[in-house]
Each structure stands twice: as C-alpha cells, then as structure tokens.
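Take a look at the structure below.
The values are calculated or read from the model by the stated rules, or taken from the named source; none is laboratory data. Not measured: the values here are computed from a predicted model. Cβ coordinates were reconstructed from backbone atoms using ideal geometry, including for glycine residues, and neighbour counts include every protein chain displayed. Just the protein is used for accessible areas: all its heavy atoms, side chains included, with ligands, DNA and RNA removed. Shrake-Rupley method; radii C 1.70, N 1.55, O 1.52, S 1.80 Å.
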Amino acid sequence: MYAHVNGVDLFFDIEGSGFAPEGTTYREKPVMFVLHGGPGCDHTYFRPWLHPLAEQAQLVFIDHRGNGRSSRTDETTYTIEQMADDVEALRTYLGLGPVLLLGQSFGGMVAQVFATRYPESVTKLLLANTTPSMQFWDAAQDEAAAMATPEQQAAIPALFNGEIQSQEAFDAWWDVCMPLYFKHPDRWGQEIEEVEGRMVGAYEVANHMMANEIPKYDVRPLLPEVRIPTLVLAGAKDWVTPLSQSTLIDELLPDSTLVVFDESGHMPHIEENEKFVSAVRAFLAG
C-alpha cells in the first residue's frame, strides 16, 4: 500500500487486524510502526520474525523514502529528519492517534529523531541495535577488526564512506558482509539468503546518507528530555552498533529498560526470536 505524503509515495504494509474479538468485547489493538535499517535497505528483513507481535499490536511496516518500494526523489531530501517527518505524516494520513514505534539500526536513528520531534505521537518507544550518534563508527571499526574476515574488512569501508558505484556492487557488498551481522552465521545460512533475496536495495540512498547525513547525526544532547517509556534491545555481539551504544542510550533516557541478547549480533529478532518477541510483549503489556 502507498500513502502520498510530503511529496513521495511512501510504501507501507500491515500485519494483523486492528481489533480482536474477546468474548462479548471487541478489543482495539495499539498500532506499532516498524522502521527498518540501512539506509538503502527495506522492511522485509523483519518478516516473518515479527509476525507473532501482531497478536498484541497491529504492525505497520514502512519503507523510508527512496528505500525499498517507496518512491525515489531528490536525494537532498534523504535526511533522517525528513524520514521522521514522513513517519508523522503517515500517522496523520492514516488517522491514527499516538503509536508504538519500533526502530532497528538506522531505523532506530529515525525513531530517536522522531521521538525528539513528535513526543506526543509516541506511546512507547522500542530501539533495537541502534546508536545515539555517529560515534558508533569508532567502536564499530574496533569490532570489525576483531570479528570480520579479511574479505569483509576490505569491503566494509565502501558502504560506510558512501562509495558504492552500482546496485550490483551494493548487492555484492551484502553477499560478503551480511554474515557479519549474525553471531552464528553458520546457523542462519538459509535465513541470510532469504533476507538478501527479498530486499529491494537502493545504493544511491545509502551513498548519499552515509556520506552526507549519518556523519551529522547526534541525538545525545536531546535524549535526557525524552520521557517516553523505552525498551532498548541489543545483541551482545553486534559489530556495527556495538552494545556500548545501546548501553549509552539506556543511560541517557530517563525511562528505559535495556535487554541484552547474548547469542545475537545485529539481528536478535532472528537469532533469538523467542526471547526478542517475549521481551517486546512484556514491555507492551507493562
């Protein structure tokens, strides 16, 4: 489905009903917006792993502008702030009140900016494997030096410097580096193949944002003013947004809880799905 907001056709897909019959009552479920990582990726790597959460909330998976199935536009509009504004515009377009907001990786950056710009539009915030500033890159390089293969270490800079030259090169980068995003890639070979195969990549968005927008990102001074109840989810062996980043978010936010997944890298919603889903359900119920 598409919503024309802020000059783009924003793609979104819905999992689960908005109401649930319970005896003689018809319970309205909260709506959870789900924001994907990247930039240059799409929402599909959440599925089917987040589907169990549709029992508790209606899930709305969103592709950021220029990403996935959303329309491409002027690259100067590919900013974290604009993507946060798009999420608010979609909420208004759908006629929704305040929503639950789950952002993972780069999507967690968008979610944090959203929470600082539209705090009244969020009931609860969920931040998975993300970071509060560009300073994550220093820690990420240290983790890569310890965890990555020589081939992965040689490949990594092209993406994070915004130097990918074609969609084919972007896809090839993920072929090499996707296993690094898992603590146990040998256990998840089929899932890694499926995640890569489903993704509609956008190397131009990745290049522009990595070179021009991510280096400016820093919400650390703003997080202490965010009073939204927050669940911070982190993989203990996440190379790209290391555990130190989630710990810092938890320290900066006044109302947050940190859950660490010891057997996961950057994708605990896949590697420790049952624990991930249980943690989210408990947070939403509480």
D250 - would you say it is at pLDDT 95 or above and in a loop (DSSP other than H, G, I, E, B)? no
Filter result (open to solvent by 10 Å² or more (accessible area, probe 1.4 Å), of a type outside the set (S, T, N, Q) and not in a strand (DSSP E or B)) within region 8-40: G16, G18, G23, K29, P30, G38
Being modelled with pLDDT of 95 or more and more than 21 Å from the chain's Cα centre (by Cα) narrows E191, E163, E120 down to just E163
By residue number, the members of region 228-271 that are among the acidic types (D, E) and farther than 21 Å from A140 by Cβ are D255
Restricting attention to region 218-237, the residues that are touching an Asp or Glu at 6+ places or on another chain (Cβ under 9 Å), of a type in the set (A, V, I, L, M), closer than 21 Å to W188 by Cα and buried (at least 19 other Cβ atoms within 10 Å of the Cβ) number exactly 1
Can you name every residue in region 42-68 that is open to solvent by 10 Å² or more (accessible area, probe 1.4 Å) and either closer than 18 Å to E191 by Cβ or among the hydroxyl-bearing types (S, T, Y) (or both)? T44, Y45, R47, P48, W49, H51, P52
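Say we look at region 238-260 and pick out the residues that are among the charged types (D, E, K, R) and more than 19 Å from Y181 (Cβ to Cβ); which of these is most open to solvent (accessible area, probe 1.4 Å)?
Across region 238-260, the extreme among qualifying residues is E251.
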Just for helices (runs of 4 or more DSSP H) wholly inside region 81-194: which have at least 2 residues that are surrounded by 18 or more Cβ atoms within 10 Å (Cβ to Cβ), among the aromatic types (F, W, Y) and touching a Cys at 6+ places or on another chain (Cβ under 6 Å)? none
